[in-house]
1. Which angle between 0 and 90 degrees, to the nearest 10, do you get for helix 291-315 versus the longest principal axis of the chain when only C-alpha atoms count?
2. What per residue convex hull volume, in Å³, do the alpha-carbon atoms of the chain yield?
3. Just rank 436, 295, 116, fewest to most, by other beta-carbon atoms within 10 angstrom.
4. Quick check: residue separation of residue 415 and residue 356 times 0.36 nm, minus the Cα distance between them. What number comes out in nm?
5. For residue 7 and residue 280, compute 0.36 nm times the residue count separating them, minus their Cα-Cα distance, and round to one decimal in nm.
6. At 222 nm, what value in deg cm²/dmol follows for the chain if DSSP H runs of at least 4 each add -39500 (n - 2.57) and the sum is divided by all its residues, to the nearest 500?
7. Enter the Cα centre distance for the pair the stretch 3-25 and the stretch 115-130, rounded to the nearest angstrom.
8. If contacts are Cα pairs under 8 angstrom and at least 6 residues apart, what is the relative contact order of the chain in percent?
């Protein structure tokens, strides 16, 4: 058994001893009790509590993992003595009472020479009362969704999950949902999840809130405090999807057995559970939707589901199209009435948000020209053949095992697309080897991106293929005419595949620039495979590029 070291014992012996009886216990937490303690809802464990039975106050409380031993109880006890909660002064009790025989014997061994009596009692009335109050608070907490709307909201939430709008829409492509119901006029919906991280929908109550949030995030410069401030300043309703390995116990509060069974069924089918809430600058984040808010979310989700079913394939276009439809949605409070809801895309706003990102990137570059990103064109040979395509998954596995140079992806990704999206760069063997060595010297390939560019003198717009290396450098590998129908189709397929691989793609470098193998290299012609991320122009931060003539 671990004992206190000598210096700790001497420090505790110097504390004044008070004629008090302290109660100590360790209780298993249910999710509802965790919520009542306002703790992290992911905590699953025990609550260690030490209270002064004479004064009737809590001296220390901790949440600990269930696998932790009695040492965790001792740590909380030492804090109760030296750094107690509330206004209590540091002190050493005259007597300690616990209801666990094993813990009693453990404490007797650890607390030797501290002149503290450790007794056993089968019941601890003060701690029992405290936990009873915790349970009362937990039972009186409002459910995350009103019970009468819960089943309908969950149903449409899982329908939105099946629609998967984040596979075609990024956060800048806003969809307006015009409700004009209650005090909600229009919700401006931003889709989360294109990068394969957090999935969900943010439904802003005003365009000002949306724009201010985007601007504050761009200006935050990765400062945690600034990012937190921007997050809490939003004015929106939200739904997010948690891909936990286990279903939370009563995730939406106490509900009927039918609703809980429905939640379990949806979770078993999809592997996700939705969460709902509200953000407001004066209220912060609240993981509860009250009646009017829940009705607005339900009606908005139902209208968006119908809109996505009707138009999602059209939204896969590179350009954000102008689309608008009106739907009649059943009134949740009166089944005999309908609510007319208009759902529209907002291409002009998407362009404005993109330009906002580009402007911030340019401003940051103007402040520090030495660190501004430079697009180089000296890495990829100018006479190379390059193309967008896909590699069958079985060929990818063979190439991984047999290619001379292979950079593996940093994480596993799903093989759900019709093939692995790859960029092929084909040139002569010496130039291919020089290209491979250049990438390796830069630390490897970080990402592949397509960025808008233009030649104002030829009045021509391009889709620029860009390689980002691990050292942060950007290298041009190809120029594609923006309105070329062949390239438009190839880009659409590229984007779709990258979404299904959670943003992973590859670069294949091959020899054989001339002859029958041009554009169709054999397995032995492929010299290197670099697996990397696919970035959007906004992620790259270059903004639209324009050809500038060079004069001697």
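1. 20 degrees
2. Details: hull volume 126.1 nm³, N = 552.
That works out to 229 Å³ per residue.
3. Numbers: 436 16, 295 22, 116 19.
Placing the least packed residue first, the sequence is 436, 116, 295.
4. On the way: separation 59, 0.36 × 59 = 21.24 nm, distance 3.47 nm.
That works out to 17.8 nm of additional length.
5. Numbers: separation 273, 0.36 × 273 = 98.28 nm, distance 4.99 nm.
Extra length available between residue 7 and residue 280 comes to 93.3 nm.
6. Working: 15 runs with 194 residues, N = 552.
My calculation for the chain gives -11000 deg cm²/dmol from helical runs alone.
7. Going from one Cα centre to the other spans 17 Å.
8. Values: 998 pairs, mean separation 61.7, N = 552.
For the chain, the relative contact order is 11 percent.
Since every read-out is calculated from the coordinates, none of them should be taken as a lab result. Here the structure is a predicted model, which is why all the values come from computation and not from measurement. Note that each Cβ is placed from the backbone with ideal geometry, even for glycine, and that neighbours are counted across all protein chains shown.
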